[in-house]
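Asker: Please find one structure pasted underneath; my questions will follow.
Bear in mind these aren't lab numbers, they're just calculated from the coordinates by the rules spelled out. Bear in mind the structure is a predicted one, so any value in this text is a computation, not a measurement. Every residue, glycine as well, gets a Cβ built from its backbone with ideal geometry; the counts of neighbours run over all protein chains shown.
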Amino acid sequence: MKIKICGLSREKDIEYANLAMPDFIGFIINFPKSHRSITFEQAKNLKSKLNPKIKAVGVFVNLPYQAVAKICKENTIDIVQLHGKEDNGYIENLKRLTDKKIIKVFIVDKDFDPIKAENSLADYILFDSGMGSGKSFSIEQIRNIKRPFFLAGGLSSENIEEATAFIQPFSVDLSSGVETNKTKDLKKMIAAVKQTHRRKIG
C-alpha cells in the first residue's frame, strides 16, 4: 500500500517529505479557498527541492482543462488530481493534451454513486469526505469497488490500519492527519509513512 501526503505549501514541508519519503505528495494549485493553496510558480520552486523518487501530484479544482494541460507540460507535476466537477468529457479532453496520469476525486456522501466512480475515465479514483475536511466516511459505501483507488478522509497514523482492515486501497491520502495547528508535522508524517509501508494486505 502506498501513501500520499497532500497540501504541502512550504519549503519546510518539502524537507519533511524528503525525510519521511511518502510515495506521493500533493500541491493544491490555484484554489484560494484552501489555506494550503499555492501558485504554480510556488509549486515549481517546491518541486525543484523534492526528492525525485517522490511523485508530485497537482490538485486542481474546476480549472479549464487547457490550463491544467499547460501546467503539465512544464513537468512540475507528475500526476493530475481533479477535485471539482470535472466529468469524463473533461478527462477525455485533458488526456488528448497530456500523458500524465489522472486521479479523479469522488466525495462519498448521501449522493455518492459507486457506478459513476467505477466508470470514470481517470487512471485512478480517490474517495474523500470533502476538500480537506479531516472527516471520515463509512467504508461500506466503497467496499465493492473493483478498481485501484486512493483512500482519503480523516486518516492519520493512528487509524490507517483500522481504516484499511477490510478494503485494499492502492494508496492512502493524508493531509490534516499529519498536521499540528494547520501545518505539516514531521513526526506525524514519519509515523504515517511507517504505518502504511509496513501494513501488509492479504
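Asker: What net charge do the residues around Glu11 carry, taking every other residue with its C-beta under 12 Å from that of Glu11, with Lys and Arg at +1 and Asp and Glu at -1?
Answerer: Around Glu11, the surrounding residues sum to +3.
Asker: May I pose another question? Given segment 2-194, what percent of its DSSP beta bridges are antiparallel, to the nearest 5?
Answerer: Within segment 2-194, antiparallel bridges account for around 5 percent of the total.
Asker: With Rg and Dmax of the Cα atoms in Å defined as stated, name the option among (1) 16.2, 57; (2) 15.7, 42; (3) 15.8, 47 computed from the structure displayed.
Answerer: The value computed from this structure is option (2).
Asker: Taking the simple approach of a point 7 Å from Cα along Cα-to-Cβ for both Ala67 and Leu19, what is their distance in nm?
Answerer: A separation of 3.5 nm, rounded to one decimal place.
Asker: Further, regarding this structure: Could you give the dipole magnitude of the chain about its Cα centre, charging the beta-carbon of Lys and Arg +1 and that of Asp and Glu -1, in debye to the nearest 20?
Answerer: Value, rounded to 20: 480 debye.
Asker: Let me ask you something else. Within a Cβ distance under 12 Å of Ala122, other residues only, what is the Lys/Arg minus Asp/Glu net charge?
Answerer: +1
Asker: Next question. Taking K and R as +1 and D and E as -1, what net charge do the other residues with C-beta under 13 Å from the C-beta of Lys85 add up to?
Answerer: -1
Asker: Sticking with this structure for a sec: Using θ = phi - 60° and the Karplus relation 6.51 cos²θ - 1.76 cosθ + 1.60, list the HN-Hα couplings for segment 114-129 in order, rounded to whole Hz, with x at every Gly or Pro.
Answerer: x, 5, 4, 5, 4, 8, 4, 7, 5, 6, 9, 10, 10, 9, 9, 9
Asker: When only C-alpha pairs under 8 Å and at least 6 residues apart count, what is the relative contact order of segment 42-184, in percent?
Answerer: Relative contact order for segment 42-184 comes out at 15 percent.
Asker: Would you mind pulling out the separation of the Cα centroids of segment 62-126 and segment 1-38, in Å?
Answerer: Each part reduced to its Cα centre gives a spacing of 18 Å.
Asker: Set the bar at 26 Å for Cα to Cα. Now go through Lys2/Lys47; Lys110/Lys146; Lys49/Lys146; Lys53/Lys101 and name every pair that lies beyond it.
Answerer: Long pairs (Cα-Cα over 26 Å): Lys49/Lys146.
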